[in-house]
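Student: Sharing a structure with you now.
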Amino acid sequence: MSRTLSFKLGAIALLILLLLIPLLMIDGLVDERQNLRHQVLQDIARSSSYRQQITGPILVLPYVKTTQEWRTEKSGERFLEERQKRGRLYFLPERFVLDGQVSTELRSRGIYQARLYRSDSQVSGQFRLPPRLGLGDELGFYRFDKPFLSVGISDIRGIGNDLQLRLNGQTLGFAPGSGDPSFGAGVHAPLPALDAQGGQLLEFAFDLKLQGTQQLAVVPVGRDSRVSLSSDWPHPSFVGEYLPSRREVSDTGFSAEWQTSFFATNLEEALADCVGREQCHALLGRNFGVSFVDPVDQYLKTDRAIKYALLFIALTFAAFFLFEVLKRLAVHPVQYALVGLALALFYLLLLSLSEHLAFALAYGLSASACVGLIGFYVSFVLHSWRRGLGFGALLAALYALLYGLLSAEDHALLMGSLLVFGVLASVMVLTRKLDWYGVGRTAPHA
């Protein structure tokens, strides 16, 4: 291989490495803008309400238990010591039903937007208290305080209605605070005295209007839990430990239904582990719900596009080099550098335009601008407008393939592998009769 060809290949490789500098700077700018957007979204949520999780209702019965134990003094005399221990009994619903309708809206701050939702839910069900509260003969050692119904709501600022509990035909008011640190923030409703001897069936219902951002989750507290949600949001992401048993998603919204039982959730054991603990993650973590995050994240797609930048520049330079070799043209490394900078500028244009336009439109405008600029420039470098048009067409095809890689995330590796194989095969076919030793010795001409 001649020195001229070796120098040209070395210069191209060095240019590709140097172009990593502006690409890394643009990638850092993407992270900076993404963090700025996250801060703005958090500010909007801080001014309204964060993501919401509903835990409950759970019936809580505080008690004082008296125990007696024989003690022996140093003198050997025995006496009966009486002790009192405070605690709480927890009862989960036999049946828990939540039927919610969710509407979404956008809140803007500058160029950034946050999606808020408003849910209008009807919660109902029943508690079935066992005879003697399941304590058996030990019931006589217990003295009970006033029971209450606890509902955990992760951000109580989002509550949008005056909560009223309907319990066995009575209407009771809710008070702020869940009443139990294990359930976090929320509300609770003081209840009338319970029938501790013969057992009791408590039918409950209440309406809950809730505002939040990003996500709505529910802890299925019932022995039999049924939750249904419907919304005008057409891009739901179902989250949590349980997927919907039925769901329908269309361009106008979605509807989903969940059904669980204690056999699947094991919430009784999780609740038992929560006794005496603050923020019981064993209970709060067993949830399901839906996320209202916009699936088109322009920063994520721009970042993914930059990850393919090195391959994209290498393929463009390879096409440029083939034109030079096959047409016996002399292209200066500075001209390679200008084309490479135009390719890097594409990602900056994509980032800035996607903040104001839909990603597909921003991508099309950015790609068209770069293809037009490079095609115009290359037509003079290669001394032919036909060659410039051909090079521009190849570049446009590469941009189309790159967009396909960004859109088909599950098949990106397969498409990328086929693309590289196709380019290599094309190079081998086009240069199959080329005398590489004679490339550097041949005088270039237009």
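Student: So what's Rg/Rh here for segment 326-385, counting alpha carbon atoms and using the Kirkwood radius for Rh?
Tutor: Working: Rg = 13.9 Å, Rh = 12.6 Å.
That ratio equals 1.10.
Student: Which of the peptides 208-214, 41-47, 126-132 is most tightly packed, and how do the rest follow, going by the mean number of other Cβ atoms within 10 Å of each residue?
Tutor: 208-214, 126-132, 41-47
Student: How big is the gap, in Å, between the Cα center of segment 119-187 and the Cα center of segment 305-327?
Tutor: The two parts, judged by their Cα centres, are 67 Å apart.
Student: Here's something else I'd like to know. Please give the helix 385-407 orientation as an angle from the longest Cα principal axis of the chain, in degrees from 0 to 90, rounded to the nearest 10.
Tutor: 20 degrees
Student: Stretched out fully, how many nm does the piece from Glu257 to Leu18 gain, at 0.36 nm a residue minus the Cα gap? Intermediate values should be presented prior to the final figure.
Tutor: Values: separation 239, 0.36 × 239 = 86.04 nm, distance 5.44 nm.
Extra length from Glu257 to Leu18 when fully extended: 80.6 nm.
Student: Between segment 1-67 and segment 224-302, how many Å separate their Cα centres?
Tutor: Centre-to-centre (Cα) distance: 24 Å.
Student: Here is a follow-up. Under the classification rounded if a/c is under 1.5, otherwise prolate if a/b is larger than b/c and oblate if not, where does segment 41-157 fall, given a ≥ b ≥ c as square roots of the Cα gyration tensor eigenvalues?
Tutor: Here segment 41-157 falls in the oblate category.
Student: Please list, in chain and number order, the residues 5+ apart from Ala205 or on another chain whose amide H is under 5 Å from its amide H, with Hs placed from the backbone.
Tutor: Arg166
Student: So, one more: Can you give the charge dipole size of segment 31-164 about its Cα centre, rounded to the nearest 20 debye, using +1 on the beta carbon of Lys and Arg and -1 on the beta carbon of Asp and Glu?
Tutor: So the dipole magnitude of segment 31-164 works out to roughly 200 debye.
Student: Among the Cys residues of the chain, which have no other cysteine Cβ under 4.7 angstrom away?
Tutor: Lacking a cysteine Cβ partner under 4.7 Å: Cys370.
Student: Based only on Cα atoms, what mean projected area does the convex hull of segment 120-257 have, in nm²?
Tutor: 10.1 nm²
Student: Further question: Quick check for me: using +1 on Lys/Arg Cβ and -1 on Asp/Glu Cβ, what's the dipole size of the chain about its Cα centre, in debye to the nearest 20?
Tutor: Taking the Cα centre of the chain as origin, the dipole is about 1700 debye.
Student: Sticking with this structure for a sec: Can you tell me the order of 385-396, 239-250 when each peptide is scored by its average per-residue count of other Cβ atoms within 10 angstrom, highest first?
Tutor: 385-396, 239-250
Student: Can you count the Lys pairs in the chain with C-alpha separation below 26 Å, eight or more apart or on different chains?
Tutor: Numbers: Lys8/Lys307; Lys8/Lys327; Lys8/Lys433; Lys65/Lys85; Lys65/Lys146; Lys74/Lys85; Lys85/Lys146; Lys327/Lys433.
Counting lysine pairs in the chain gives 8.
Student: Same structure again: What is the fewest-to-most order of Thr72, Thr260 by other Cβ atoms lying within 10 Å of their Cβ?
Tutor: Working: Thr72 9, Thr260 22.
Least crowded to most crowded, the residues run Thr72, Thr260.
Student: Given H placed on each backbone N at 1.01 Å, which residues far from Asp224 in sequence or on other chains put an amide H within less than 5 Å of it?
Tutor: It is Arg95, Phe96, by chain and number.
Student: From the helices alone, meaning DSSP H stretches of at least four residues, give me the mean residue ellipticity at 222 nm for the chain, per-run term -39500 (n - 2.57), in deg cm²/dmol to the nearest 500.
Tutor: Calculated mean residue ellipticity at 222 nm is -13000 deg cm²/dmol.
Student: If you wrap a convex hull around the C-alpha atoms of the chain and split its volume per residue, what is the figure in Å³?
Tutor: Dividing the Cα hull volume of the chain by its residues yields 219 Å³.
Student: Take segment 95-149, compute every pairwise Cα distance, and split them into 10 Å bins from 0; I just need the percent in each bin.
Tutor: 16, 24, 19, 16, 14, 9, 2
Values in this text are rule-based calculations from the coordinates and carry no lab data. Note that the structure is a prediction, hence the values are computed from the model and not measured. As a convention, Cβ positions derive from the backbone with ideal geometry for all residues, glycine included, and neighbour counts pool all protein chains shown.
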